[in-house]
Structures are given as C-alpha cells and as structure tokens.
Amino acid sequence: MGCNLCKNDAFSQQAFKNKIGRCRQCMWQLALLSSLSWGAWWYFYQDTPTVVESITLIFAASAFSLLLIAHLITALSRYLRQ
C-alpha cells in the first residue's frame, strides 16, 4: 500500500529510517485507514468490546494510529531541525 518510492526500495533498517516522516502518500493512507478502522469499531463493536472481531479491529486501528503518530513526530522533528 505504499507509494512507488516505498515499493521500489528494498526493505532495510536504513530505508525505513530514511522514509519515515517524508512520504506524504503513506501518511495520508495511514490517516484514512486509521479513521476508517476506528469508525468501524465505534459503529459495529462499541457495545461488545470483548468479542474477537472487536479486539482484532482495535489492534489494527492502534497499529495504523501508532505508525501515523511516528510519521508525524518524525516529520515535525525534521521540520524543526531545518
């Protein structure tokens, strides 16, 4: 689901550090996936938070949100350093 730049590079630790906080397309995708998954959880599973589907959706939404937060913090720190 990444952009062309992310798909072309071989995954390595250095490539991850260079791309985090710079790829706007990835950040928009994470924002959309995060909001959709939290919205789906709120609509379908708010009343039954202990069922397996609800817990799975919470983990997915949390992963999207945490990765988005990591992107935003890194982008902000790079912006402030310039």
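The values are calculated or read from the model by the stated rules, or taken from the named source; none is laboratory data. Since this is a predicted model, take the numbers as computed values, not measurements. FYI the Cβ positions are ideal-geometry reconstructions off the backbone, even for glycines, and counts take in every protein chain you see. Note: accessible area is taken over every heavy atom of the protein model, side chains too, but ligands, DNA and RNA are not part of it. Shrake-Rupley method; radii C 1.70, N 1.55, O 1.52, S 1.80 Å.
How many residues are assigned to a loop (DSSP other than H, G, I, E, B) and not hydrophobic (A, V, I, L, M, F, W, C) if we restrict to the range 49-82? Step through it out loud before you land on a result.
Applying the first criterion (assigned to a loop (DSSP other than H, G, I, E, B)) to the range 49-82 yields 49-51, 82.
Imposing the further condition that a residue be not hydrophobic (A, V, I, L, M, F, W, C) reduces the set to 49-50, 82.
Number of matching residues: 3.
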- Note on the structure: Exception for VAL52 within (1) open to solvent by 80 Å² or more (accessible area, probe 1.4 Å); (2) closer than 13 Å to GLY21 by Cα; (3) among the aliphatic types (A, V, I, L, M) falls at (2)
- Query: Which ones in the range 21-48 are open to solvent by 40 Å² or more (accessible area, probe 1.4 Å) and of a type in the set (Ser, Thr, Tyr)?
  - Reply: SER35, TYR43, TYR45, THR48
- Filtered residue count, the range 1-51, keeping only those that are at pLDDT below 75 and not aliphatic (A, V, I, L, M): 14
- Would you tally the residues in the range 30-82 being among the hydrophobic types (A, V, I, L, M, F, W, C) and in contact with a Gly (Cβ under 6 Å, 6 or more places away or on another chain)? 1
